[in-house]
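Comments concern the structure below.
Bear in mind these aren't lab numbers, they're just calculated from the coordinates by the rules spelled out. No experiment lies behind these values; they were computed from the predicted model shown.
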């Protein structure tokens, strides 16, 4: 399953979000395809593949403490 994650840093935590992106934990079952640091909102976009929604959720949780995270299931066309 492919996912697209959008993260907008919480106030005063932009640096923390960028540090986390560079040092994120990638659990077994996750394959990162692309990471983008955006000039604007959202601050970060990550495309990744996960075995299932549970694995994707475990990966995404780490970003929730420093950002507002929105994640969508993606279908390649």
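Once C-alpha pairs closer than 8 Å and six or more residues apart are averaged by separation and normalised to the residue number of the chain, the relative contact order reads 50 percent.
Between residue 8 and residue 37, the contour length at 0.36 nm per residue exceeds the alpha carbon distance by 9.4 nm.
By how many nm would the segment from residue 53 to residue 26 grow when fully extended, if each residue of separation counts as 0.36 nm and the alpha-carbon distance is taken off? It would help to have the intermediate numbers written out before the result.
Details: separation 27, 0.36 × 27 = 9.72 nm, distance 1.47 nm.
Extending this stretch completely gives an extra 8.3 nm.
Full extension of the chain between residue 16 and residue 77 gives 18.6 nm of extra length, using 0.36 nm per residue less the Cα-Cα distance. The translational diffusion coefficient of the chain, from Stokes-Einstein at 10 °C and 1.306 mPa s with a Kirkwood hydrodynamic radius over alpha carbon pairs, comes to 128 µm²/s.
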